1. Which of the residues that make up the stretch 599-631 are part of a helix (DSSP H, G or I) and in contact with a strand residue (DSSP E or B) (Cβ under 7 Å, 6 or more places away or on another chain)?
2. Here is a list of conditions, (1) assigned to a loop (DSSP other than H, G, I, E, B); (2) loosely packed, with under 14 Cβ neighbours inside 10 Å; (3) in contact with a strand residue (DSSP E or B) (Cβ under 9 Å, 6 or more places away or on another chain), and residue 319 meets all of them except one; can you say which number that is?
3. If the requirement is being exposed (fewer than 14 other Cβ atoms within 10 Å of the Cβ) and in contact with a strand residue (DSSP E or B) (Cβ under 9 Å, 6 or more places away or on another chain), which of these qualifies: 115, 122?
4. Is it the case that residue 475 is within 25 Å of the chain's Cα centre (by Cα), at pLDDT 95 or above and assigned by TED's automatic domain parsing to the domain that holds residue 418?
5. Name, by its number, the condition in (1) buried (at least 17 other Cβ atoms within 10 Å of the Cβ); (2) not assigned by TED's automatic domain parsing to the domain that holds residue 527 that does not hold for residue 299.
6. Would you call residue 232 surrounded by fewer than 18 Cβ atoms within 10 Å (Cβ to Cβ) and either under 25 Å from residue 113 (Cβ atoms) or in contact (Cβ under 8 Å) with a residue 12 or more places away in the chain (or both)?
7. Conditions: (1) under 24 Å from residue 564 (Cα atoms); (2) at pLDDT below 95. Residue 387 meets all but one. Number of the miss?
8. Of everything in the stretch 331-342, what is in contact with a helix residue (DSSP H, G or I) (Cβ under 9 Å, 6 or more places away or on another chain) and over 16 Å from residue 288 (Cβ atoms)? Give them in sequence order.
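The values are calculated or read from the model by the stated rules, or taken from the named source; none is laboratory data. These numbers come from a predicted model, not from an experiment. Here the Cβ positions follow ideal geometry from the backbone for every residue, glycine too, while neighbour counts run over all protein chains shown.
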């Protein structure tokens with residue numbers, strides 16, 4: 001028993017000592033036995049001293065203070081962070097996919113539309129933390145989609161486990177796959193059946209040449225991913241990869257919306273917390289005339305078959321605005337092959353095709369211009385007042401400089417020739433002389449030739465609203481010395497003056513410089529979009545853009561045009577004479593290989609008095625332009641006169 005004489009055992013000790021005694025029948029705190037006390041009269045040392053009590057009390061107070069400080073830190077200072085983390089486990093920011101704009105031709109024929117599609121995706125942050133469970137999901141998704149497990153595993157591991165961005169496993173699911181995917185979305189967290197849309201190009205199978213114009217959509221290139229994500233795109237968004245789909249990506253795409261939603265453990269939406277409206281993309285109305293495009297392609301294919309040729313380009317444009325009415329590069333491809341992803345086998349087949357159907361010759365191909373370049377040389381010589389309409393030179397079959405001879409195409413020559421006859425009959429001697437000079441006549445020289453060629457849009461991109469436009473090439477003495485380690489000879493200037501040698505142009509450039517003569521002296525920027533349509537069908541017209549004007553006097557342009565008209569009446573393009581419309585034209589034959597046939601050119605405009613269209617034809621290895629290119633232009637202009 002515990003005893004303290006004269007004191008309450010539960011009262012304060014006041015520094016007194018206690019002793020403990022034993023009692024066989026138990027312990028009675030209020031009643032003691034003198035016998036037992038004497039028997040066990042044994043005093044112990046104090047089991048708790050004052051200092052120890054104070055120490056323990058101090059420890060308890062300190063612990064409580066630390067605990068209180070920690071709670072305060074968590075609640076007051078880090079509370080917002082932990083709240084965000086907690087909400088991250090139940091709140092998601094989801095993209096609301098916007099409707100992509102569609103594409104029409106100039107007469108509102110639909111060329112590209114959106115069709116509903118179903119895709120299977122996984123959300124990394126919602127997947128289980130257990131690796132075995134993730135492997136089970138991968139195995140199941142592989143069975144549903146037919147995708148290899150290693151491919152699904154790779155796609156998932158490419159994204160951080162905390163990512164909210166959907167990882168596309170398979171798109172364009174068929175009905176059975178979609179049903180199974182929906183079932184598994186209830187069984188496995190992070191598995192989602194997503195309703196989306198895909199592109200459908202309505203006429204590309206029938207008229208594959210429109211594929212070079214429209215382009216196609218594809219997955220975001222990994223190198224561009226940061227750029228697109230910063231612009232508000234989702235990881236599984238498709239973007240334009242070529243054609244107007246690429247050039248007008250921002251316009252067509254619009255802007256995705258956002259919604260802040262509360263989800264359950266399976267990622268299913270339970271509540272929408274906030275919502276940001278998506279902004280629909282605008283639609284494009286192209287300058288292209290689909291019916292004309294179809295007819296041009298038909299005519300081109302027919303003529304190529306007749307002459308056993310495979311590669312060509314045709315451009316039809318409005319010289320008074322720069323609007324491109326038809327753009328055919330042949331061979332072509334069906335851009336629907338790329339919808340939903342093309343197989344590696346199909347892609348390699350297209351890439352390795354010798355005739356390069358993916359290559360847009362009309363804007364990316366670079367070729368010697370042949371005699372079509374003589375329009376520029378003639379106008380430059382007139383503008384520089386080196387010649388007048390009456391200036392004549394005698395063509396005797398060519399000219400000789402030292403041991404070199406530069407021939408005319410016609411044996412024996414063309415006789416006395418002025419600028420109109422020179423253009424009509426494509427007399428080389430005339431252009432040798434006005435280009436490089438001869439005897440006591442000073443020609444333009446290479447520098448002035450280059451100056452005027454650049455005024456007409458050569459050696460530069462014209463700014464067409466399609467990707468991959470080539471700039472062509474104009475040689476110079478400096479270039480030749482650096483590239484070939486040779487000096488510039490007079491023969492180089494002669495070759496340049498007739499569009500041969502190292503000069504390279506695109507079919508688009510030839511069509512555009514022809515339009516300068518057709519419209520009286522204005523170089524328009526070529527373009528493919530006529531107007532934009534918003535979601536409410538409000539239309540915004542694209543105004544013609546003038547790149548340059550009045551750099552050649554109109555009187556000189558009229559003189560050149562007389563030469564082009566005479567080419568149709570009695571010269572190299574006389575097979576165009578009997579068409580319903582009066583036509584001005586220039587043929588060209590471009591040497592490019594000692595082993596293969598030259599390229600054939602024809603560039604023309606009609607009607608002669610008030611031109612409405614320019615037609616430029618290039619047939620690769622087409623021999624003479626008068627043989628292969630003229631029949632194509634003839635049939636196109638004939639159709640135009642009857643149908644437009």
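1. 625, 626, 627, 628, 629, 630
2. Only one criterion is unmet by residue 319, namely (2).
3. 115
4. For residue 475, the condition - within 25 Å of the chain's Cα centre (by Cα), at pLDDT 95 or above and assigned by TED's automatic domain parsing to the domain that holds residue 418 - is not met.
5. (2)
6. yes
7. Looking at each condition in turn, residue 387 falls short on (2).
8. Those that are in contact with a helix residue (DSSP H, G or I) (Cβ under 9 Å, 6 or more places away or on another chain) and over 16 Å from residue 288 (Cβ atoms): 331, 333, 334, 336, 337, 338, 342.
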